[in-house]
Each structure stands twice: as C-alpha cells, then as structure tokens.
Amino acid sequence: MKKRLMTVFLAICTLLACAGCAKNADSKIQTKSSTSPKKAEITVAGSTAFEPLVKQAVKSYAQFNPSVKVNVLGGGSQAGLNQVDQGKVEIGTSDFFAAQQNIVNRDHLSDYKVAVVGIAVVANQKLKVNNLSASQLKDIFSGKITNWKQVGGKNQKITIVSRADGSGSRKAFELNVMGKTPIAAAEELSSNKHLEEYVAKTPGAIGYLAFPYLKDNKPKLKKIKIDNVTPTAEHVKDNSWKIWAYEHMYTRGMSRGEASKFITYMLGDDVQDGMLQKAGYISIHDMEVQKDEHGAMVKTGN
C-alpha cells in the first residue's frame, strides 16, 4: 500500500514539474516574440547605374534605422518605372524622366532627383585610338563607320556594344549622342556590369558605361575622349562632358512611410556629402547646369 501511494505521489510531482517547464518555455517564447518584432520591408528596383550607390547607402542606413529592411534590385530603368507604377515596389529608380517613356500612370509618379551620373565611352584596352569627335562617335554607333582604320586606328572591325532597350544609360547616350539617329545592330547587354565585362574581353569593342563602374580605374578598359574632353566629374558639372543623366527615385503618389524615410536619407548629408562622390556620382547641388525632360540645358547660376 505504501509503495502504491509513493508511486502516485511521484507521478503527481512529475506532472507538476512538467507543467512548470511548459509554462516557463511558453513564457520564454512569448518574451522572445515580443522583443523581436518583424522588420518592415521596402524594395528599391530599376537603374543598374544607380544600383551601386543605393546598395552602399542601404548598408549605412541599416545602422541608422535597423528596424527596416531595404531590398535592392536592378532590372533597368524601364523595369523600375513599370514596377513602381504597378505598385510592385515602393521605389523605382531610373536614369531618365518618367515623362520620356510610355508609363501608364506617369502623372501620378513623384520624382526625387538624388544624384547625377556620367556616362563614359569605353573601349577594349588594346585599342590605339584615344580620342573621337562627337560626329565620329555618332557615325560609329549608327553603323556608318565600321573599321577603326577610318578614325586613325588599325585595320580592325568595330564591335558596337550597347545596353538593351529600356536602359537609362542607353537613353542618356541616345539623347546626348545619337539624337534621332538609331543605334545600329549591336551586342545588347542587360546591365552596366555585363557591358563592362564584354568590352574588356572583346578586341575592337566600344560601348558606354556609367562612371561608378570605372571608379577603380579598370585596367582592361580604355576611356575615350570626345572632342578632347575626358570623362570626369568636373567636366560633367559644367556640361563639358555632355553624356550624363539624373538618378531619379520615383514613388507612386507622394512618398510616405518607410519609402519616404529612405529617400530623405538619400537626399541628406550622409549620402550627398561624401558617400555619393566616393562611389563615382555627382551631387545635384554641384551641377552648374540643369536638364529638363526634353534634354534642354538650363544654367543654374552656381
């Protein structure tokens, strides 16, 4: 009888102990849940020319606002505008004005100009040609000039390398170099990075590339002067180097919530005074000229 009572007593103690453990575990789970709220998320997508700066800014922004996760996607300027227009992302980035493209609800998009990016003309490093006139550059990309010997180089076929249609870098090149003349049949690539790699490995190749992809002085690429002007930030500021574009951030309607906070950060001193320049961009505040959506120049009076 005593053994039976002792067995029952031990069983009850075991049940009580288990119940206490379960309650304690549940309490720990609740505490962990309450101290680790889910992060808010926003997505920035579009321009590959703008992508390096946005990614760099996101890293520092995480220290400033750790409760928000900012996803960064490329895809090109046209894709960025389409996605923000359709409500698929919070911020669409573009190297051209929404008004320059057939965006369904473009009048409902809000434009925030964050930076300026220069577009350099680049060739394979083995090319002996260092300078082209603006008309020669246009004739090369229109297919009128097809061999480097026609512009003082050796007898070598010219391989035209361009960004795909919908690229902001391409739009800037077309507006500032080609005018209404179409680019001839070319190797068309989806990003600045892919274009950089293709030109570097292809003898006789020529293309155009956003300044940030040249900031490390890539040895396999040659920067071509145009009318004896080198592609530098200083020459972009006064429009001596004419191939450049604004880096836009677009939102659907006025920016709000976490998207508004991130855009405000991009326009603030942390980005505009140092980070932006080190990444190979130009602050909009340093420009001596402005462009409208039609490419017309306006002096700023700086």
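The values are calculated or read from the model by the stated rules, or taken from the named source; none is laboratory data. Owing to the predicted nature of the structure, the values given are computational and were not obtained by experimental measurement. Note: ideal-geometry Cβ built from the backbone for every residue, glycine included; neighbour counts use all protein chains shown.
A few remarks follow.
- Any hit, the stretch 250-257, residues being modelled with pLDDT under 95 and polar (S, T, N, Q): yes
- The combined condition, being under 24 Å from residue 78 (Cα atoms) and surrounded by 19 or more Cβ atoms within 10 Å (Cβ to Cβ), is not fulfilled by residue 297.
- Annotation: of all residues in the stretch 258-284 being acidic (Asp, Glu) and closer than 20 Å to residue 237 by Cα, the one that is surrounded by the most Cβ atoms within 10 Å (Cβ to Cβ) is 273.
- Selection status of residue 121, assigned to a strand (DSSP E or B), in contact with a helix residue (DSSP H, G or I) (Cβ under 8 Å, 6 or more places away or on another chain) and under 17 Å from residue 214 (Cβ atoms): yes
- Qualifying positions in the stretch 172-190 - in contact with a strand residue (DSSP E or B) (Cβ under 6 Å, 6 or more places away or on another chain) and under 28 Å from residue 237 (Cβ atoms): 172, 173, 183
- Criterion (surrounded by fewer than 16 Cβ atoms within 10 Å (Cβ to Cβ) and either at pLDDT below 95 or not small (Gly, Ala, Ser) (or both)) met by exactly one of 62, 79: 62
- Residue selected from the stretch 166-199 under the condition basic (Lys, Arg) and free of Cβ contacts under 8 Å to residues at least 60 places away in the same chain, by the criterion surrounded by the fewest Cβ atoms within 10 Å (Cβ to Cβ): 180
- Residue 74 falls short on exactly one of the conditions (1) modelled with pLDDT under 95; (2) in a loop (DSSP other than H, G, I, E, B); (3) surrounded by 12 or more Cβ atoms within 10 Å (Cβ to Cβ); (4) not charged (D, E, K, R), and that condition is (2).
- Those residues of the stretch 142-170 which are in a loop (DSSP other than H, G, I, E, B) and modelled with pLDDT of 95 or more, in sequence order: 143, 144, 145, 146, 152, 153, 154, 155, 156, 158
- Residues in the stretch 55-81 that are within 15 Å of the chain's Cα centre (by Cα) and without any contact (Cβ under 8 Å) to a residue 40 or more places away in the chain: 7 in all.
- Residue that is surrounded by the most Cβ atoms within 10 Å (Cβ to Cβ) [pool: residues in the stretch 94-112 that are part of a strand (DSSP E or B) and either more than 13 Å from the chain's Cα centre (by Cα) or not assigned by TED's automatic domain parsing to the domain that holds residue 52 (or both)]: 109
- Test: residue in the stretch 241-249 that is buried (at least 16 other Cβ atoms within 10 Å of the Cβ), among the hydroxyl-bearing types (Ser, Thr, Tyr) and at pLDDT below 95: no
- Taking (1) in contact with a Gly (Cβ under 7 Å, 6 or more places away or on another chain); (2) under 26 Å from residue 290 (Cα atoms); (3) outside any loop (DSSP other than H, G, I, E, B) in turn, residue 83 satisfies each apart from (2).
- Subset of the stretch 200-232 (residues that are closer than 15 Å to residue 127 by Cα and in contact with an Asp or Glu (Cβ under 9 Å, 6 or more places away or on another chain)): 202, 205, 207, 218, 220, 221
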